Amino acid sequence: MRSCWGSPSTGSFARDRNLHFPLLSDFEPKGEVARTYGVYRDGAGTSERALYVIDGDGVVRWSYVSPVGVNPGADGILRALEGLGAESGS
């Protein structure tokens with residue numbers, strides 16, 4: 001999960017939600033990761049609502065960019081994670 005929050009905040013979020021996967025802070029330099037993925041909105045100084053599932057080898061296995069102002073939800077992410085589990089035999 002990527003966030004514009006600083007690393008201490010993402011760590012607190014992960015502990016609070018009992019998450020067991022890494023969270024990426026894209027706080028400083030601002031938007032560096034979003035720019036790498038082509039989803040940084042320079043004029044607004046924000047990122048698109050872009051979702052990615054990246055496997056342990058760093059390969060993007062699923063992605064979706066939601067229209068501005070639309071909450072994409074988590075269903076696509078959950079299906080992608082289930083698919084990764086099926087591929088690995090988990």
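Read-outs: derived from the displayed coordinates by stated rules, not from any lab. Owing to the predicted nature of the structure, the values given are computational and were not obtained by experimental measurement. With ideal geometry, Cβ positions are generated from the backbone for all residues, glycine too; neighbour counts draw on all protein chains shown.
Once the Cβ-Cβ distance between Val68 and Asn18 is put in as r, and R0 is 25 Å, what FRET efficiency do you end up with, to the nearest 0.05?
Step by step, r from the Cβ atoms, then E = 0.25.
Between Glu87 and Thr36, the distance separating the two model label sites (each 7 Å from Cα on the Cα→Cβ line) works out to 1.9 nm.
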